[in-house]
Amino acid sequence: ILNSLEQSEISIDCFHTETGSGVFEVALKYSEALKAADECQLLKFIVKTCASHHQMTASFMAKPWNDLPGCGGHIHFSLKNSMGKNVFS
């Protein structure tokens, strides 16, 4: 997955395990809004494609199994004004 993301020029800030078996968090580096949206969609496509090549299924469902932690594909974002100040703080 990381090699495919690098080949697609998607910059990753961090990639680590999270709440349970097979649950990962991927944080993309800051970029322009449209580029970031495109990268989010491409990230999901790459993860699903890589999983499929290894006879696995990648899910971005919030809670696909009752007995395991959720793994929803959610998005956090930051928004800065033209002077670089975070508009949410």
Q. Is there a residue in segment 48-58 that is at pLDDT below 85, in a loop (DSSP other than H, G, I, E, B) and among the hydroxyl-bearing types (Ser, Thr, Tyr)?
A. no
Q. Applying the selection to segment 12-34, what residues are among the polar types (S, T, N, Q) and in contact with a helix residue (DSSP H, G or I) (Cβ under 8 Å, 6 or more places away or on another chain)?
A. Ser31
Q: Test Ser4 against the criterion of being assigned to a loop (DSSP other than H, G, I, E, B) and either touching a helix residue (DSSP H, G or I) at 6+ places or on another chain (Cβ under 6 Å) or not β-branched (Val, Ile, Thr) (or both), and give yes or no.
A: no
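Would you confirm, using the coordinates I've provided, whether Lys44 is open to solvent by 40 Å² or more (accessible area, probe 1.4 Å), within 17 Å of Ser11 (Cα to Cα), under 19 Å from the mean Cα position of the chain (by Cα) and of a type in the set (Lys, Arg)? Break it down into steps so the answer makes sense when it comes.
Working: open to solvent by 40 Å² or more (accessible area, probe 1.4 Å): yes; within 17 Å of Ser11 (Cα to Cα): yes; under 19 Å from the mean Cα position of the chain (by Cα): yes; of a type in the set (Lys, Arg): yes.
When the stated conditions are applied, Lys44 passes them.
Among the residues of segment 9-25, is any among the hydroxyl-bearing types (Ser, Thr, Tyr), in a helix (DSSP H, G or I), at pLDDT 85 or above and open to solvent by less than 70 Å² (accessible area, probe 1.4 Å)? Walk me through how you get there before you give the answer.
Within segment 9-25, the subset among the hydroxyl-bearing types (Ser, Thr, Tyr) is 11, 17, 19, 21.
Within this subset, residues satisfying the condition of being in a helix (DSSP H, G or I) are none.
Scanning segment 9-25 turns up no residue that is among the hydroxyl-bearing types (Ser, Thr, Tyr), in a helix (DSSP H, G or I), at pLDDT 85 or above and open to solvent by less than 70 Å² (accessible area, probe 1.4 Å).
Report yes if Lys85 is at pLDDT below 85, of a type in the set (D, E, K, R), open to solvent by 70 Å² or more (accessible area, probe 1.4 Å) and more than 15 Å from Val26 (Cα to Cα), otherwise no.
Taking the combined requirement at face value, the residue does not satisfy it.
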(Q) When the residues of segment 26-37 are narrowed to those that are within 11 Å of the chain's Cα centre (by Cα), of a type in the set (Gly, Ala, Ser) and surrounded by 13 or more Cβ atoms within 10 Å (Cβ to Cβ), which ends up nearest to Gly84 (Cα to Cα)? (A) Ala36
Q. Which of the residues belonging to segment 57-70 are surrounded by 12 or more Cβ atoms within 10 Å (Cβ to Cβ) and either farther than 24 Å from Lys35 by Cα or touching a Cys at 6+ places or on another chain (Cβ under 6 Å) (or both)?
A. Pro64, Trp65, Leu68, Pro69, Gly70
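The values are calculated or read from the model by the stated rules, or taken from the named source; none is laboratory data. Quantities reported herein were computed from a predicted structural model and do not represent experimental measurements. All Cβ positions, even for glycine, are placed from backbone atoms using ideal geometry, and neighbour counts span all protein chains on display. With ligands, DNA and RNA removed, areas are computed over all heavy atoms of the protein, side chains included. Shrake-Rupley method; radii C 1.70, N 1.55, O 1.52, S 1.80 Å.
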